[in-house]
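Bear in mind these aren't lab numbers, they're just calculated from the coordinates by the rules spelled out. Just so we're clear, the structure is a prediction, and the values are computed from it rather than from any experiment. Every residue, glycine among them, receives a Cβ derived from its backbone with ideal geometry; neighbour counts consider all protein chains shown.
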């Protein structure tokens with residue numbers, strides 16, 4: 001018990017004194033996950049909206065595959081990206097393996113299905129309510145999809161926050177493609193695993209507390225967005241905001 005209390009006290013001191021190693025790891029984590037979520041937003045929002053309004057042969061099969069990818073383990077994503085970026089892989093000439101770029105790619109692949117599936121759900125529900133009205137006014141399905149994306153912007157903001165939480169809390173994919181190199185590819189989740197195995201519990205605890213703080217902040221932001229959508233005319237919280245916890249990626253690590 002004394003060892004735990006002492007480790008916890010030291011961890012607080014590391015946070016309060018803005019330890020350089022701690023800040024470096026946290027900064028890289030936020031940068032990698034933030035970049036991955038921006039890329040996933042572009043792909044997932046467009047793809048999800050298209051699946052919500054488009055009708056084409058094989059659409060149901062695409063939706064089944066998309067929903068299956070929601071439960072894709074992060075270690076599998078890491079393995080596939082590793083094989084693609086390895087020297088003998090088709091993208092080996094890019095030289096991205098064991099770099100932050102490889103970690104961004106892995107997290108993007110992991111998060112895109114989350115954004116796309118929840119966007120499709122939100123836009124599909126909105127289409128049921130407003131689709132006929134938009135098409136009767138002369139809007140094509142694609143134009144209507146763009147309009148519904150804007151109309152559901154608050155719901156989709158919570159989706160992106162949830163996706164960021166999944167990205168920053170996962171460990172398997174970034175461990176495989178990043179290599180957990182100190183000062184180069186070590187992020188919060190991989191550093192916690194490494195420092196715990198080394199017995200450096202204060203640093204592991206400090207990183208864990210910062211990670212929990214980030215996840216808590218994301219949940220607070222989601223709650224605020226939902227409150228704003230509920231109490232202001234024209235806002236929409238949508239059903240998609242309840243579908244995925246913001247730290248869902250940790251379970252797949």
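Brief remarks on what is shown
- The angle between the Cα long axis of helix 74-85 and the main principal axis of the chain comes to about 90°, on a 0 to 90 degree scale.
- Sites residue 94 and residue 59, calculated FRET efficiency, Cβ-Cβ separation with R0 35 Å, nearest 0.05: 0.60
- For the chain, the longest principal axis of the C-alpha atoms and the axis of helix 201-231 are separated by about 20°.
- For segment 63-159, the normalised intensity computed at q = 0.18, 0.22, 0.24 Å⁻¹ comes to -0.85, -1.02, -1.12 (log10 of I(q)/I(0), Debye sum over alpha carbons, equal scatterers, no solvent).
- Computed [θ] at 222 nm, helices only, for the chain once each DSSP H run of length n ≥ 4 contributes -39500 (n - 2.57): -25000 deg cm²/dmol
- For the chain, built as a Gaussian network whose Cα springs stay under 10 Å, the top-fluctuating residue of 199, 58, 138: 58
- Note on residue 13 and residue 130: the model spin-label points, each 7 Å out from Cα along the C-beta direction, lie 5.6 nm apart.
- Compactness check for segment 1-78: Cα Rg over 2.2 N^0.38 Å is 1.83.
- Taking the C-alpha atoms only, the angle from helix 20-53 to the longest principal axis of the chain is near 20 degrees.
- Set the Cα radius of gyration of the chain against 2.2 N^0.38 Å, with N its number of residues, and you get 1.13.
- Cα centroid of segment 172-218 to Cα centroid of segment 47-61, whole Å: 38 Å
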